[in-house]
Amino acid sequence: MLGNFEYKRIRSIEEGCQYLAEAAGDGAVLAGGTDLLVEIRNGLKSPQLLVDCKGLDVLNVFSVDDSRSTIGASVALNQLIEHRVFRTTHPALADALASIGTYQLRNRATLVGNICNASPAADAAPVLLVLDAVVEVAGVEGPRTVPVRSFFAGVKKTTLKPDEIVTAIALPARSGLRTAFRKQQRIRGHDLAVVNAAGAYSPAKKVLKLAIGSCAPTPVLLDPIEVDSKDNEAFADHVIETVLRAVSPISDVRASAGYRNAVLPILVKRILHELLFEGSGA
Amino acid sequence: MYDIRFTVNGQPEHATVPATMTLLDLLRDRLALTGTKEGCGIGECGACTVLLDGKPITSCLMLAVEADGHDIETIEGEAVGGGLSVLQQAFIDTGAIQCGFCTPGMIMSARGLLNRTPDPSDENIVEAIAGNLCRCTGYEAIIAAVRLAADRLAGAKQGRGQS
Amino acid sequence: MTRELKYVGKPIARADAVDKVTGAAQYTHDLCLHGMLHTALVLSPHASARIVSIDIEKAEQVQGVRAVLTGNGLCYQLGLYLQDKCILARDIVRYHGEPVVAIAADTLDIANAACRLVEVQYEALPSLLDPRDAMEESAHLVHPDLHTYNYMKGVFFPKAHSNIAHHQKIRKGDFDRAFEKADIRLTASFYNPPVQHVPMETHAAVAQALPGNRIEIWTSSQSPYTVRHLLSVCFGLPHADVRVHVPYVGGGFGGKAGLGLEPLAYVLSRAAGGRPVKVVATREQEFNTLPSRQGLHSTIEIATSNDGKIVALKSTYIWDAGAYADYGVNIGRSAAYSGAGPYSIDNCWIDSYVVYTNKVFGTAFRGFGHLEVLWGIERAMDLMARKLGMDPVEFRKRNLLKEGDTTITGEAFTSGHGNPQQCLEAVAEAIEWRTPSAPPIEPHKVRGKGIAMLHKAPAMPTSTSCAVVIKLDEDGGADVLVSGVDYGQGTYTVLRQIAAEELRIPIEKVHITWECDTAFSPYDWQTVASRFAYMGGNAIIEAAADCLDQIRFVAAQALDVAPEDLECEHGTVYPKGHPDRGIPYSQLALGYTFENGNSIGGPIIGHGRFIAKGLTHLDPDTGQGLPAQFWTYGAHSVEVEVDTETGEIEILNIVSALDAGKVLNPKLCVGQVVGGVVQGLGSALWEGFVFDEKGRLLNPAFVDYKIPTAKDIPHRTQQILLENPQPGGPYGARGVAEHPMISIPSAIGNALYDALGIEFTTLPLNYERILTRIREKAESS
């Protein structure tokens, strides 16, 4: 048994928002449950109401194409990872999702859940940040959209209101972007990120976006970087310097700040290598 | 309390459960299906792996009430017609068992893999069972067991095709 | 003429396999008795504190709560070697995670809810976290009453009014003089952190207090008879009034030796009016409440001649026992008499101190101190080889024990000990020791090879014994009753093979009763120390011989032939050379009936036993004596690849050679080796407790305590099993179950030097530690 809560399987998103509004901050949305139920078991959260949105067909779908992709809130990670078109359209995101937890966990865990949990180490977050993903939100007052870069408010905190439900994540047109994801773990088996990072490079605009996880209270998106391809090494040094200025890693049981600071430049360098220096990436 | 209907190993079940009950507790405490084990309670060890609509999940991280309308398969459903399944026999033949506590979850993960990928690579096998911790065997014999089961199943299929 | 073996030495499948692959195997976790209560614990949030007050009133009033216990009123001192443990903390808490209050209730939810209503007030005390600090005169005492505790006298030497629970001395030759005169000297220090066993089934026990002060226990334990004995001593009950059942056990690795949760379950049942009470450790409690492996600080001094002969070795081992040292004292003892490695050393001086600190306490763990001690010794051997400019394999060869040498406790090394030299040569050859690693493709990666020796003997009292009973069935089959526990090693399967071999019946007809029950199964000390196949195997041989004697005695009358003229084969006894005139065992098992109805004999029950032979206590001042029933020697070689940018290490190959004496079952034996190697890999690369400055354990869950997964195993492993027979071992066998884990860290540490030119002295060799040292080296050069 876990905690002490009521459970509602909702028939519409509006109904869900209504329940959450009535719970006035004591409610939580149950998607895969792989973070939420652990936190309830460990006494870190004690919601009075769980709103299960998995019965809604509208949240169970995803569509992927070059112009725009939408991933519903109930779509399990493995549905995406094992989807050929998704994997080829969003390889970095697929890599990031495949690095989350165990195979069993990924049959329950969702992309939306990964960001709603708002861990600084959320593996999907850096990729979504560099892809300019948009969070689609429903609330008592109607729907709205939030850019992922405005979504995280702190460790385990988002800018959602208590009555709001994330319904989907939308990824804008890829328009020739090359993307890459890197993660440092402590072991090859399932692990949280000691550091993670994602990059997106537009060869047309010669602009690079980088985002870093697990090195600050929230995942960090850097300002777009103009790519100067004349001197790869000097450019890499410049980027790494910029990255290190943008983050503030701490020491915890997973790693020291020193190790994070040492590994982060390596991940960035490897991303640059894949995106810029190695010919055409995906 | 919530009324739920679901199937376990093909048998229809009906239960009235509190919201806070996990699927694992429902299986073990209500349905006496104790082959599914609890090793950590937080989805890290895989001892509680069962199949939900054919896919492996950790039953400690799913509420019983969420099972409403779904099909659950546990280790107790793996043996067929009074005999062992090809997968179970392969675990015995390669020496993939020691204390046995991880074995049911391990077999369910392997079952899920063979359902979706009948001819898995070693990499597929490792990915499928890496969420099942085993402290005894060092995994080599388990990987070999899944490989052997896949080969035997493929051989049997081929044999049938020829006859 | 030697008879060809039918079962012994063959890859027979496990006897328990079908139960385990079908989920039918019942573990203590799965047990449910009518009216059974469930238990939750209030744990100490402090590493060291005085308990000022405990308010349990609100908890007692919760509907469904049946018993609430605190340490007050539970004035029992428990222990196998040193009675330093209480059931629940009394007056003071000695580690973060120590149980302070236990509540038994109708459901686990109720028990947990009631625990949240308990109010405990503590006055925090300074905590001792480093055993080296705890050895200082001025250190506060973790056990102020140590001088009043009972302990095994003549074997252990707790130092009154100190934190030293045991001091083991080994003195051989004249260390000071030899060290002084030696050509080359080396001193190095090493550290192992405390780690956890991580059995997949956490500790669990069910107890029922029965009328007339009787106790019935079901427990996930390695030690049914030791549990019975210690409970009977603790509660002052006749042994027969304590009945202990051990069903299937989901892994132990030493952590379930001795006493665990059984006394707590019992006192709760007693307080709840005799309702059965179940106590199951959560995974977090398995980490921070139940025992772990002790940490170790080692300092090793070696001196050699210029040609590489070790002339003197001195070690100081300071064990981080944690809050209780009942079992830790024996690790400090055993690792001392093995504490110089498998080498011939004329002048040796070892001090092994088992020291109390305010941390979760230590106990036996596969390898029993040897992984820890040999982390230092086998690293130091490589350091010394480099100082000498010698190849590490050559250096070891020059010093390994050979026939005619004596061990550091004065035991003569004979050919019956097995052959460490052969083990070393085998792993060196298999890893192509003389050929440097092929350079990796990626420029930021490097490779290296390493090698390490290992040895270990069972650590057990000089009187350790075991018994086996074989009952013949009316179908000519045999029921074997033992009280050693098969928690995964495969010993029952091996005993079944031996029984079939000796009774001359098909293996399918040998049945081993899986659940141990002290009411029916004969005595066995406990299942530890890689001794069960050896001692149980010998006892089975004797029990089978007893059965055959009885069979021949009755058959002799039936056939009118002298017993010595009868032989047995295929479950039949017959006059030599006349198998056609035989009588099947089935007609003798319950007695033989003549044609006229007259009957003779009666049910055949064979009995066999084994007791340790010739062992002596060690001299208190010099450690000289015979501590070991047998020794098992082995070696590992490894090849590693390191990413010098991230510190990630990958294991390309691990070759293991063990001198098993006789491989009783190659499939199970290889299983023990592979499993041990990967468990050793955990200790080498990832595992270790992390405490904060106040002594709180920061990684008591799988989220931050990582054990190897299927993605983390070596690319390749090889097992080489040598068979130089053990005199007195069943079919020449010696124990091998613990050994594969030992020296895996040392071999990897040695390979890391080869790859990086860096000397690692602290475990685990995790990515962060490796990268930190790589960067330090780069900065200093």
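The values are calculated or read from the model by the stated rules, or taken from the named source; none is laboratory data. Since the model is a prediction, treat every value here as computed from it, not as a measurement. Please note: Cβ atoms are built from the backbone with ideal geometry, for glycine as well, and neighbour counts cover all protein chains shown. Accessible surface areas use protein heavy atoms only, side chains included; no ligands, DNA or RNA. Shrake-Rupley method; radii C 1.70, N 1.55, O 1.52, S 1.80 Å.
Inside the stretch C:698-713, can you point out the residues that are facing chain A (nearest Cβ under 7 Å) and in contact (Cβ under 8 Å) with a residue 60 or more places away in the chain?
Residue satisfying the conditions is C:Asn699 alone.
Any residue in the stretch B:88-102 that's within 16 Å of C:Val485 (Cβ to Cβ): show its pairings with residues that are part of a loop (DSSP other than H, G, I, E, B) and among the aliphatic types (A, V, I, L, M) at Cβ separation under 7 Å, as long as the two are six or more apart or on different chains.
Listed pairs, sorted by first residue: B:Cys99/C:Met200; B:Cys99/C:Val249; B:Gly100/C:Ala25; B:Phe101/B:Ala47; B:Phe101/C:Met200.
Residues to consider are C:Val446, C:Val468; find the one that is touching a residue at least 40 places away in the same chain (Cβ under 8 Å), on the phi < 0 side of the Ramachandran plot and open to solvent by 30 Å² or more (accessible area, probe 1.4 Å).
Numbers: C:Val468 fails: open to solvent by 30 Å² or more (accessible area, probe 1.4 Å).
So the residue among C:Val446, C:Val468 that is touching a residue at least 40 places away in the same chain (Cβ under 8 Å), on the phi < 0 side of the Ramachandran plot and open to solvent by 30 Å² or more (accessible area, probe 1.4 Å) is C:Val446.
Tell me, which residue of the stretch C:559-603 that is β-branched (Val, Ile, Thr) and within 18 Å of C:Pro506 (Cα to Cα) is surrounded by the fewest Cβ atoms within 10 Å (Cβ to Cβ)? Spell out how you get there, then give the answer.
Taking the stretch C:559-603 and keeping what is β-branched (Val, Ile, Thr), we get C:561, C:572-573, C:583, C:593, C:600.
Keeping just the survivors that are within 18 Å of C:Pro506 (Cα to Cα) gives C:572-573, C:583.
Working: C:Thr572: 22, C:Val573: 27, C:Ile583: 17.
Only one residue tops the list, namely C:Ile583.
Since A:Met1 meets every condition but one in (1) open to solvent by 20 Å² or more (accessible area, probe 1.4 Å); (2) within 12 Å of chain B (Cβ to nearest Cβ); (3) touching a residue at least 12 places away in the same chain (Cβ under 8 Å), which condition does it not meet?
Among (1) open to solvent by 20 Å² or more (accessible area, probe 1.4 Å); (2) within 12 Å of chain B (Cβ to nearest Cβ); (3) touching a residue at least 12 places away in the same chain (Cβ under 8 Å), A:Met1 violates only (3).
With B:Ile107, B:Ile57 as the choices, which residue is within 18 Å of C:Ala24 (Cα to Cα) and open to solvent by less than 30 Å² (accessible area, probe 1.4 Å)? Outline the logic, then answer.
Numbers: B:Ile57 fails: within 18 Å of C:Ala24 (Cα to Cα).
Result of the check over B:Ile107, B:Ile57: B:Ile107.
Identify the residue in the stretch A:239-263 that is open to solvent by less than 40 Å² (accessible area, probe 1.4 Å) and away from every other protein chain (no Cβ under 14 Å) and, among all such residues, is farthest from A:Val227 (Cα to Cα). Even if it seems obvious, please write down each step before you answer.
Taking the stretch A:239-263 and keeping what is open to solvent by less than 40 Å² (accessible area, probe 1.4 Å), we get A:239-240, A:242-243, A:247, A:249, A:255-257, A:259-260, A:262-263.
This time we only want the ones that are away from every other protein chain (no Cβ under 14 Å), so: A:239, A:242-243, A:247.
Details: A:Val239: 10, A:Thr242: 13, A:Val243: 15, A:Val247: 21 Å.
By that ranking, first place goes to A:Val247.
Restricting attention to the stretch B:63-86, report how many residues are of a type in the set (Val, Ile, Thr) and closer than 30 Å to A:Cys53 by Cβ. Lay out the reasoning, then the answer.
Within the stretch B:63-86, the first condition is being of a type in the set (Val, Ile, Thr), and the residues that meet it are B:65, B:72, B:74-75, B:80, B:86.
Next cut, closer than 30 Å to A:Cys53 by Cβ only: B:65, B:72, B:74.
Residues meeting the conditions: 3.
Could you tell me whether the stretch A:60-74 includes any residue that is out of contact with any Pro (no Cβ under 9 Å at 6 or more places or on another chain) and either within 12 Å of chain B (Cβ to nearest Cβ) or basic (Lys, Arg) (or both)?
Going through the stretch A:60-74, the residues out of contact with any Pro (no Cβ under 9 Å at 6 or more places or on another chain) turn out to be A:60-66, A:70-74.
Narrowing the set further to residues that are either within 12 Å of chain B (Cβ to nearest Cβ) or basic (Lys, Arg) (or both) leaves A:74.
Yes, the stretch A:60-74 has at least one match.
Given the conditions (1) open to solvent by less than 20 Å² (accessible area, probe 1.4 Å); (2) in the same structural domain as C:Val246 (by TED's automatic domain parsing), and given that C:Glu201 satisfies all but one, which numbered condition is not satisfied?
Failed condition: (2).
When the stretch C:1-14 is examined, which residues are found to be surrounded by fewer than 22 Cβ atoms within 10 Å (Cβ to Cβ) and either at the interface with chain B (Cβ under 7 Å from one of its Cβ atoms) or in contact with a strand residue (DSSP E or B) (Cβ under 8 Å, 6 or more places away or on another chain) (or both)? Give the steps one after another, and end with the answer.
Filtering the stretch C:1-14 for residues surrounded by fewer than 22 Cβ atoms within 10 Å (Cβ to Cβ) gives C:1-13.
Within the stretch C:1-14, C:Ala13 is the sole residue that qualifies.
Against the definition (in contact with a His (Cβ under 6 Å, 6 or more places away or on another chain) and either open to solvent by 10 Å² or more (accessible area, probe 1.4 Å) or assigned to a helix (DSSP H, G or I) (or both)), how does B:Arg28 come out, yes or no? Show your work before the answer.
Values: in contact with a His (Cβ under 6 Å, 6 or more places away or on another chain): no; either open to solvent by 10 Å² or more (accessible area, probe 1.4 Å) or assigned to a helix (DSSP H, G or I) (or both): yes.
No, not satisfied.
Which condition number in (1) out of contact with any strand residue (DSSP E or B) (no Cβ under 6 Å at 6 or more places or on another chain); (2) surrounded by 14 or more Cβ atoms within 10 Å (Cβ to Cβ); (3) hydrophobic (A, V, I, L, M, F, W, C) is the one that C:Ala134 fails?
All conditions pass for C:Ala134, except number (1).
Restricting to the stretch C:114-151, what's the tally of residues that are over 30 Å from B:Arg30 (Cβ atoms), under 34 Å from the mean Cα position of the chain (by Cα) and not in a loop (DSSP other than H, G, I, E, B)? Quick ask: steps written out before the conclusion?
Just the residues of the stretch C:114-151 that are over 30 Å from B:Arg30 (Cβ atoms), to begin with: C:119-151.
In the following step, the residues that additionally are under 34 Å from the mean Cα position of the chain (by Cα) were identified as C:125-137, C:139-151.
Then drop every residue that is not not in a loop (DSSP other than H, G, I, E, B), which leaves C:131-134, C:146-148, C:151.
Adding up the residues that qualify gives 8.
Can you tell me which residue is most open to solvent (accessible area, probe 1.4 Å) among those in the stretch A:122-151 that are within 19 Å of A:Ala94 (Cβ to Cβ) and among the charged types (D, E, K, R)?
Only one residue tops the list, namely A:Asp132.
Is it the case that the stretch B:147-162 has a residue that's crowded, with 24+ Cβ neighbours inside 10 Å, part of a helix (DSSP H, G or I) and not assigned by TED's automatic domain parsing to the domain that holds B:Gly41?
Going residue by residue through the stretch B:147-162, those that are crowded, with 24+ Cβ neighbours inside 10 Å are B:149.
Applying the additional criterion that residues be part of a helix (DSSP H, G or I) yields B:149.
Still in the list and also not assigned by TED's automatic domain parsing to the domain that holds B:Gly41: B:149.
Checked against the condition, which is being crowded, with 24+ Cβ neighbours inside 10 Å, part of a helix (DSSP H, G or I) and not assigned by TED's automatic domain parsing to the domain that holds B:Gly41, the stretch B:147-162 yields at least one hit.
Can you find a residue that is acidic (Asp, Glu) and more than 14 Å from chain A (Cβ to nearest Cβ) anywhere in the stretch C:128-135? Break it down stepwise before answering.
Of the stretch C:128-135, the ones acidic (Asp, Glu) are C:130, C:133.
Right, trim to more than 14 Å from chain A (Cβ to nearest Cβ) and you get C:130, C:133.
Scanning the stretch C:128-135 turns up at least one residue that is acidic (Asp, Glu) and more than 14 Å from chain A (Cβ to nearest Cβ).
So which residues in the stretch A:96-121 are under 23 Å from C:Asp712 (Cα atoms) and either open to solvent by 20 Å² or more (accessible area, probe 1.4 Å) or part of a loop (DSSP other than H, G, I, E, B) (or both), if there are any at all?
Going through the stretch A:96-121, the residues under 23 Å from C:Asp712 (Cα atoms) turn out to be A:96-107, A:121.
Those that are under 23 Å from C:Asp712 (Cα atoms) and either open to solvent by 20 Å² or more (accessible area, probe 1.4 Å) or part of a loop (DSSP other than H, G, I, E, B) (or both): A:Ala98, A:Ser99, A:Ile100, A:Gly101, A:Thr102, A:Leu105, A:Asn107, A:Ala121.
Cβ-Cβ below 8 Å, separation at least six or inter-chain, first residue in the stretch C:51-62 and of a type outside the set (D, E, K, R), second surrounded by 17 or more Cβ atoms within 10 Å (Cβ to Cβ) and part of a helix (DSSP H, G or I): which pairs?
C:Ala59/C:Ala114; C:Ala59/C:Cys115; C:Val62/C:Ile110; C:Val62/C:Ala113; C:Val62/C:Ala114
Return the pair list, or none, for Cβ contacts closer than 9 Å from residues in the stretch A:26-38 that are within 8 Å of chain B (Cβ to nearest Cβ) to residues that are at pLDDT below 95 and open to solvent by less than 20 Å² (accessible area, probe 1.4 Å), at least 6 apart or on different chains.
A:Leu37/A:Leu2
Which numbered condition trips up C:Ala111, out of (1) within 14 Å of another protein chain (Cβ to nearest Cβ); (2) over 32 Å from the mean Cα position of the chain (by Cα); (3) open to solvent by 10 Å² or more (accessible area, probe 1.4 Å)?
So the condition that C:Ala111 fails would be (3).
I'm told C:Val277 meets every condition in (1) among the β-branched types (Val, Ile, Thr); (2) farther than 24 Å from C:Leu371 by Cα; (3) surrounded by fewer than 24 Cβ atoms within 10 Å (Cβ to Cβ) except one. Can you identify the failing condition by its number?
(3) is the only condition that C:Val277 fails.
Give the stretch C:668-714 a look and list any residue that's surrounded by fewer than 21 Cβ atoms within 10 Å (Cβ to Cβ) and among the charged types (D, E, K, R), or say none.
Result: C:Asp692, C:Glu693, C:Lys694, C:Arg696, C:Asp704, C:Lys711.
Can you tell me which of (1) in contact (Cβ under 8 Å) with a residue 40 or more places away in the chain; (2) surrounded by 17 or more Cβ atoms within 10 Å (Cβ to Cβ) is the one A:Ala173 doesn't meet?
Tallying (1) in contact (Cβ under 8 Å) with a residue 40 or more places away in the chain; (2) surrounded by 17 or more Cβ atoms within 10 Å (Cβ to Cβ), A:Ala173 fails exactly one: (2).
Cβ-Cβ below 7 Å, separation at least six or inter-chain, first residue in the stretch A:103-129 and within 14 Å of chain B (Cβ to nearest Cβ) and on the phi < 0 side of the Ramachandran plot, second part of a helix (DSSP H, G or I) and open to solvent by 10 Å² or more (accessible area, probe 1.4 Å): which pairs?
A:Tyr103/B:Glu127; A:Arg106/A:Ile81
Considering only residues that are within 30 Å of C:Thr406 (Cα to Cα), in a loop (DSSP other than H, G, I, E, B) and either in contact with a helix residue (DSSP H, G or I) (Cβ under 7 Å, 6 or more places away or on another chain) or touching a residue at least 24 places away in the same chain (Cβ under 8 Å) (or both), which ones fall in the stretch C:570-624?
Listed by number, the residues that qualify are C:Ala612, C:Lys613, C:Leu615, C:Thr616, C:His617, C:Leu618, C:Pro620, C:Asp621, C:Thr622, C:Gly623, C:Gln624.
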